[in-house]
Every structure is written in C-alpha cells, then in structure tokens.
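A.B. asks: Structure in structure tokens, see below.
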Amino acid sequence: MRLLKLERVLAATDLDPSSDAALESASRLADAAGARLHIAYVVPADEAQTGTATASDSEARVTDTLRRVGVSCEPNRIHVVPGTPEAALSDLSARIVSDVTVLGRHRRRPDLPAESGIGNTAYAIIARALTPCLVTSRPLNLPIRRVVVAIDTSETARGALLVALSWASALRSSTAAGDPRLTALHVETGQRSSPDHDHLKRTIDHELDILRRSAGSWAGVTVEGATETDLDPVKAITRYAADHEADLVVLGTRGLSADKTARFGSVSAAVTRQMEMPVLLVPPAIWRTYVRDMDYF
C-alpha cells in the first residue's frame with residue numbers, strides 16, 4: 001500500500017483575509033512533509049482585460065499578503081496567472097505537478113448553482129480537480145491526531161479511506177506518545193434491523209479489517225469504525241467530527257459528470273460548507289488510483 005506523496009503544495013489566495021487560513025495551512029503542510037510550497041494568485045478577469053494590474057504589481061501584492069500572514073515562499077514559486085480560478089489553478093496544478101491544492105472558504109459566485117453547498121469559487125475549482133483539495137477557514141492542526149473519513153460501500157469512499165490513512169500516517173508526530181486515530185464513520189439512515197443493514201455492516205467491517213492488515217505496522221495509525229444514526233448524514237458527520245475534535249475530515253467526490261456539469265456530491269458539498277475544521281476532498285483521479293491498492297474480496 002502506497003503513501004500519498006506530498007512533494008508540492010499549492011495554495012490559492014485572492015489576497016483577502018479569508019484566504020489567510022489556507023496560506024497558513026499550506027505552509028504547515030509543506031514544512032511537515034518537507035514539500036515545496038507554491039502560491040497562486042489568479043488575476044480577476046476585469047483586471048486582466050483592462051490591464052489595470054501588471055504582473056509585478058500583483059506579485060508585490062502577493063508578497064505583502066504572505067508577509068502579513070507570516071508565510072515564506074521562494075519568489076520563483078509565486079505564480080500570478082490570468083483566467084478563471086478553476087481553469088487557471090487546474091492548469092497550474094498540472095504544470096507544477098502539485099500533490100494538493102489548499103483553498104479558503106469565501107466569496108460566493110453568482111454563476112455557480114446555489115445548491116453547490118460551498119457557494120464560492122472553491123466549488124468550481126474542486127469540481128475539476130485532479131489532486132486532493134484541502135478547504136479550510138482555520139489553520140490545519142499539525143501533527144495530525146484525529147482524522148474522520150465518511151464511508152459507505154462505494155469506491156469513492158474506499159479510495160478516500162486510503163488517502164485518509166496516508167495523510168494521517170504522513171502527518172503524524174514522530175515523538176508524541178500514542179498513534180493518531182483514523183475513524184471510518186458510517187451514517188445509518190435506514191432500519192438497523194433490516195437485512196440490508198446487516199450486509200452493509202459486515203461489508204464495512206470486512207473492509208476495515210483488510211485496511212488494518214494491509215497497513216501493518218508501517219502506518220502508525222489506529223484504525224477504528226464508528227456508526228451514527230441520523231436521517232441527515234451531513235448533520236451526523238459534522239456533529240461527530242466536532243464532538244471528537246477531529247483535525248481533518250476526509251470525503252470522496254465525484255468530480256465532473258458526463259455532461260461536464262460541475263458537481264461533487266450533495267453530502268460532500270454540504271459538509272464542506274458547514275464544517276469549520278479543514279476538509280480534504282478526494283477527487284476521482286485520486287481515489288480511483290488508490291482503491292486499486294486494496295483487495296476487497
């Protein structure tokens with residue numbers, strides 16, 4: 001089983017204070033993983049069209065923002081790019097081969113559907129992402145102590161579970177006593193006494209057993225399962241994560257649909273919108289690769 005590499009961390013900023021947590025989280029990630037930190041600023045369309053801001057002006061504004069937040073970044077890793085945030089960041093991520101994109105929660109865009117759940121440019125970026133996206137309104141706590149990943153029996157959830165294990169292992173403390181805890185949370189919305197419920201529970205238990213055996217001793221992570229009963233899975237996930245003081249919540253996403261409609265799942269979207277703590281969203285390009293690492297039969 002492979003660890004997810006964290007060699008290049010990309011953080012997006014629009015120079016607004018609501019991006020500060022994303023910048024600080026990305027800096028902490030890069031420091032903890034020994035990764036290279038890249039900062040991206042997408043020049044707004046109106047400024048790009050009118051030429052009101054030169055590249056040097058924009059770079060100076062980014063540098064001032066980083067100085068204010070207390071984040072250091074090599075000048076040649078500060079990227080000022082024109083275009084829409086989703087297209088520009090996707091292209092930049094592919095060009096520098098980033099392993100994660102860190103975003104803040106802010107700024108609603110009228111051209112995106114109201115049901116998107118996040119209500120800002122992060123929605124459009126996540127929907128077409130080829131790498132995990134960390135969305136946060138507060139700095140990520142490191143080293144990782146507690147990760148919660150929402151699961152069912154879908155491949156989306158299985159791949160997200162493997163990525164969650166990888167992050168918990170890679171970002172754990174090397175000195176603190178006790179392993180970090182990874183909780184695979186299943187929300188039960190049906191009847192507990194039904195045959196479908198029993199089959200689902202056996203399937204999830206089986207997959208967690210495989211994960212524990214596959215991880216062996218190298219991961220240094222305690223894997224456990226938990227079940228919450230609630231007709232509203234979003235409420236259950238956010239409540240459980242808050243009650244257990246999770247450092248990170250991990251969810252799989254669906255990415256773009258066949259007709260290119262930007263969507264990544266109503267539960268993932270709603271949890272990302274409501275959760276104060278950092279949420280790691282794992283797109284199909286990642287979870288489809290990682291899910292092959294586990295034999296489910």
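The values are calculated or read from the model by the stated rules, or taken from the named source; none is laboratory data. What you are looking at is a predicted structure, and each value in this text was computed from that prediction instead of being measured. Cβ sites come from the backbone with ideal geometry, for glycine too, and all protein chains shown count toward neighbours.
A.B. asks: Identify all residues within segment 145-164 that are in a helix (DSSP H, G or I), modelled with pLDDT of 85 or more and touching a strand residue (DSSP E or B) at 6+ places or on another chain (Cβ under 6 Å); write none if there are none.
C.D. replies: Across segment 145-164, the qualifying residues are A160, L161, V163, A164.
A.B. asks: Let me ask another. Can you report the number of residues in segment 65-79 which are assigned to a helix (DSSP H, G or I) and surrounded by 11 or more Cβ atoms within 10 Å (Cβ to Cβ)?
C.D. replies: Of the residues in segment 65-79, 5 are assigned to a helix (DSSP H, G or I) and surrounded by 11 or more Cβ atoms within 10 Å (Cβ to Cβ).
A.B. asks: Give the residue, chosen from L142, L134, that is surrounded by fewer than 21 Cβ atoms within 10 Å (Cβ to Cβ) and at pLDDT 90 or above.
C.D. replies: The unique qualifying residue is L142.
A.B. asks: Between a first residue in segment 60-87 that is under 21 Å from A122 (Cβ atoms) and a second residue that is aromatic (F, W, Y) and modelled with pLDDT of 95 or more, which pairs have beta carbons less than 6 Å apart while being 6 or more apart in sequence or on different chains?
C.D. replies: V62/Y41; V80/Y41
A.B. asks: I've got another one for you. What's the number of the only condition in (1) modelled with pLDDT under 90; (2) surrounded by 13 or more Cβ atoms within 10 Å (Cβ to Cβ) that R61 fails to meet?
C.D. replies: Every condition holds for R61 apart from (1).
A.B. asks: When only residues in segment 253-277 that are among the small types (G, A, S) and crowded, with 19+ Cβ neighbours inside 10 Å count, which is modelled with the lowest pLDDT?
C.D. replies: So, considering only residues that are among the small types (G, A, S) and crowded, with 19+ Cβ neighbours inside 10 Å, the one modelled with the lowest pLDDT is G255.
A.B. asks: Can we say V42 is surrounded by 23 or more Cβ atoms within 10 Å (Cβ to Cβ), at pLDDT below 95, among the β-branched types (V, I, T) and over 18 Å from M277 (Cβ atoms)?
C.D. replies: For V42, the condition - surrounded by 23 or more Cβ atoms within 10 Å (Cβ to Cβ), at pLDDT below 95, among the β-branched types (V, I, T) and over 18 Å from M277 (Cβ atoms) - is met.
A.B. asks: Of the residues that sit in segment 145-156 and are under 11 Å from E207 (Cα atoms) and surrounded by fewer than 23 Cβ atoms within 10 Å (Cβ to Cβ), which one is nearest to the chain's Cα centre (by Cα)?
C.D. replies: D152
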